[in-house]
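Quick notes on the structure that follows.
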Amino acid sequence: MNNKERKNHQYKAHSAEILDLKDLSYDTRYFKVKFVDPNIQEKLGEYKPGQFAIFSIPGVGEAPFSISSTPTRQSFLEFGIRKVGSITEALYKLKIGDKFDIRGPYGNGFEMDKMKDHDLIIVSGGLGAVPLRSLLLYACDKREDFKNVYFLNGARTPEDMLFREDFMAMHQREMLETHLTVDEDPKGDWPYHIGVVTKLFEKIADRVNNKNTYAIMCGPPIMYKFVIKELLKLKIPKEKIFMTLERRMKCGQGHCGHCAIGGVYTCLDGPVFTYWDIERLKELI
Amino acid sequence: MKTYKLPKDKFPNFINFLSNKGNLYGPVKQKDQHSFEQVNEYSEMDFNYQRTILGIKKFLTPPRYITQKFDSESVEDIFPQSETNIVLGIHPCDIHAVKILDKLFLDNIKDPYYESRRNNLILVGHSCLPDKNCICQSTGTDIVEDGFDLFLTELENHYLVWVGSSKGLYLIASAENLFSEDITKEDIAEYIRWQKSRSEMFETSIPFKYMPDIIHLNYDSDVWDEFGDKCLSCGVCSLVCPTCNCFNVEDKIVMSADKGVRERMLDSCTLPGYSLVAGGHDFRPNRTQRIKLYYTHKLKEYIGKWGQPACVGCGRCVSYCPVDINVVTISQALFSDVYEEMVCDNNE
């Protein structure tokens, strides 16, 4: 290995600056970042919706995060980060203008070319809105590439719903048809639907064209089973149902082994899988 | 492949010569176990051994090593020193294990830490005779044709030396007065007879070629619960397996100063928390799920990803698992009533 290869090896993380921060909920924060080196920003700006990046906080560790921005807007990257562990806690201490290291992008991402000229049903639960926001923004920026785009988004309570204003703005601009629901409305001022996310299928079922639709979902593990049931009821083909999954990862490139499921690695062959994969690989959901 | 003859009494001279070419490691007997240790001369080593505690992975993915050093200002990547390490006395199974690790760490995305260690490693193989725990004949890794720099087959009065790389040829060329190319008909006959008698010494066999199917069909079998109940989650199977390569990454801070290191260490899928994600969800919370992952991944799923199973039949799991969970007991349980007939069929 020569010196140049050592400088640009596969585990090399690059410094990124925080451009903006804001709280999306009581436990989830929005991060807008940009690589300090413009060449790296240009190179790494060519990711696919559904891919992820690995953040490095020296002294604390590394962890993977879904990219929440769209490659159609290449001058920055966005993330939605829930405070659940030591690395996210360290990230929460950072301020606008602070820098930390990012490597990636990793993972297969969504096959956007395949989805062209189709209807999209995008179903999200809780934190699942973070990776799917990338796909939603992409679909809005390339609106003419897609037919009807339905977005069904559920959260536990109104306080838990992420990017709510973004999604409603897209709805108001008729970029996509958004339906929002919460499991509970403790304050009683929620203007939209109350109930589990699968109930939202009633609002679109009679208009779904199963010959020409891709379905995409992301949410807590428990959600998948019930959403898949609804999609199969609508006769969406199994290979046209996509989901993006979470696993423990240490490397992001098929070396550390933690994300192995059957014969695939979530980091290389996923995190986007089809329902056909799910049936084939028993441990996926 | 070039082949040479080395008289047995010249082997110590060759080792002396090699000691000038890099750090020398070889099988050293410590109490009743062998392990690859740094040596200076022939007399420190014992080539008449069955298996070392760890295979060659200890040179390629050491149990624990530093990948980065950092302080509050900067992060520095730490690569291993570029010294040549020559490992002597490696058995065919362990060379096959290196070939499997090479695929994982170099064929797809290159791991820079593995790559620098691998580039500086010279593998000198040595023939062996099996004991009752060796199952390399079943796994098809009892003979090795490439993946080494040199391989020595021990015959009555001399070694047959197989050259597997240009590095190996260079080592021979610069000590050429020790070697001859004069391989006679008698030498060939002796070698063939030796191979045959060795292959007849194997006592244990498993139906390896049917393994992927039987694992697939037994995915929901109770067999896994039985092994899960027994498993101690100690991780020794992964530690000693020459192809187990999963690693964890941890940061450590030096408390007295504003600096620290990032370390990689061997991990095992049988340990609790292997599939735990932030927020507390564990995708494999019980031992049954983890022991099933270990054996399905090694014996079946590896084929889909890397073209071959990841068991080289070295017998380490057979020797070291404290509760007798190993490839042999797993195959006996999975094949159950048809085990005996399948073993016979596999050997035909």
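The values are calculated or read from the model by the stated rules, or taken from the named source; none is laboratory data. All of these numbers come straight from a predicted model, not from anything done at the bench. Here the Cβ is made from the backbone with ideal geometry for all residues, glycine too, and neighbour counts use every protein chain on show. Heads up: the accessible areas ignore ligands, DNA and RNA and are worked out on the full protein's heavy atoms, side chains in. Shrake-Rupley method; radii C 1.70, N 1.55, O 1.52, S 1.80 Å.
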Exercise. Based on the Cβ-Cβ distance from A:TYR92 to A:LYS235, what FRET efficiency comes out when R0 is 45 Å, to the nearest 0.05?
Worked result: 0.50
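Roughly how many percent of the accessible protein surface of segment B:208-347 is carbon and sulfur, given a 1.4 Å probe and a whole-percent answer? Provide the component values of the computation, followed by the final result.
Working: 3180 of 5960 Å².
Using a 1.4 Å probe with all protein chains present, segment B:208-347 comes out at 53 percent carbon and sulfur.
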For this session: Have a look at segment A:7-21 and report residues whose accessible surface goes down by 30 Å² or more when the remaining protein chains are included, against the chain on its own, probe 1.4 Å, ligands and DNA/RNA excluded.
Result: A:HIS9, A:GLN10, A:TYR11
Exercise. Hey, rough spin-label estimate for B:GLU341 and B:ASN20, points 7 angstrom out along Cα→Cβ, what's it come to in nanometres?
Worked result: 6.3 nm
Exercise. When chain B is modelled as a GNM with alpha-carbon springs shorter than 10 Å, which of B:GLY280, B:GLY26, B:GLY168 fluctuates the most?
Worked result: B:GLY280
Exercise. Gain in length, B:ARG64 to B:ILE183, computed as 0.36 nm per residue apart minus the alpha-carbon separation, to one decimal in nm?
Worked result: 38.4 nm
For this session: Summarise the accessible area of segment A:12-106 (1.4 Å probe, protein heavy atoms) by the percent that is carbon and sulfur.
Result: 47 percent
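What is the mean number of Cβ atoms from other protein chains located within 10 Å of the Cβ atom of each residue in peptide A:261-268, rounded to a whole number?
Working: counts 5, 9, 10, 3, 2, 0, 1, 3.
Going residue by residue through A:261-268 and averaging, the value is 4.
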Problem set entry | Total accessible area lost when A and B pair, probe 1.4 Å, Å² to nearest 100 | 3500 Å²
Seminar exercise, completed: Residue-normalised value, i.e. accessible area per residue, for segment B:208-347 at 1.4 Å probe, in Å², stands at 43 Å²
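Rounded to the nearest percent, how much of the accessible area of segment A:130-285 (1.4 Å probe, protein heavy atoms only) is carbon and sulfur? Intermediate values should be presented prior to the final figure.
Numbers: 3230 of 6490 Å².
After summing per-atom areas, the C and S share lands at 50 percent.
Residues of chain A: accessible area per residue at 1.4 Å, in Å²? Could the numbers behind the result be given before it?
Values: 12090 Å² over 285 residues.
Using a 1.4 Å probe on heavy atoms only, each residue of chain A averages 42 Å².
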Seminar exercise, completed: Amide H neighbours of B:GLY315 at under 5 Å, excluding residues fewer than 5 places away on the same chain, with H built from the backbone geometry, are B:ILE135
For this session: Pop out the ³J(HN,Hα) list for segment A:191-202 in order, Karplus 6.51 cos²θ - 1.76 cosθ + 1.60 with θ = phi - 60°, rounded to Hz; leave Gly and Pro as x.
Result: x, 10, 6, 10, x, 6, 5, 5, 5, 5, 4, 4
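Take peptide B:287-294, look around each residue's Cβ out to 10 angstrom, count Cβ atoms belonging to other protein chains, and average those counts. Mind showing how you got there, number by number?
Working: counts 0, 0, 1, 0, 0, 1, 5, 0.
Per residue, the average neighbour count from other chains is 1.
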Problem set entry | Pair B:ASP32, B:VAL75: separation of 7 Å Cα→Cβ label points (nm) | 4.8 nm
Seminar exercise, completed: The set of residues whose placed amide H lies less than 5 Å from the amide H of A:HIS14, leaving out same-chain residues fewer than 5 positions away, is A:ILE102, A:ARG103
Exercise. What spacing in nm lies between the two simple spin-label points modelled at A:ARG280 and A:GLU17, each 7 Å away from Cα in the Cβ direction?
Worked result: 4.6 nm
Seminar exercise, completed: Accessible-area loss of at least 30 Å² (1.4 Å probe, chain alone to full protein assembly) applies in segment A:233-260 to A:GLU246, A:ARG247, A:ARG248, A:LYS250, A:HIS255, A:CYS256, A:HIS258, A:ALA260
Problem set entry | For chain A, cysteines whose Cβ has no other cysteine Cβ within reach (under 4.7 Å) | A:CYS140, A:CYS218, A:CYS259, A:CYS267
Exercise. Which residues, if any, in segment B:238-282 have at least 50 Å² less accessible area in the whole protein complex than in the isolated chain, probe 1.4 Å?
Worked result: B:PHE247, B:ASP251, B:ARG262, B:TYR274, B:VAL277
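Highest mean first, what order results for A:92-99, A:166-173, B:74-81 on Cβ atoms within 10 Å?
Values: A:92-99: 11.5, A:166-173: 15.4, B:74-81: 13.1.
Final packing ranking: A:166-173, B:74-81, A:92-99.
Just subtract the alpha-carbon distance of A:GLU165 and A:GLU184 from 0.36 nm times their residue separation and send over the number in nm, one decimal.
Working: separation 19, 0.36 × 19 = 6.84 nm, distance 1.91 nm.
The A:GLU165-A:GLU184 span can extend by a further 4.9 nm.
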For this session: Could you do me a favour and compute the accessible area per residue for segment B:142-193, 1.4 Å probe, result in Å²?
Result: 55 Å²
Seminar exercise, completed: Out of B:GLU176, B:GLU44, B:GLU73, a Gaussian network model of chain B with alpha-carbon springs under 10 Å gives the largest mean-square fluctuation to B:GLU73
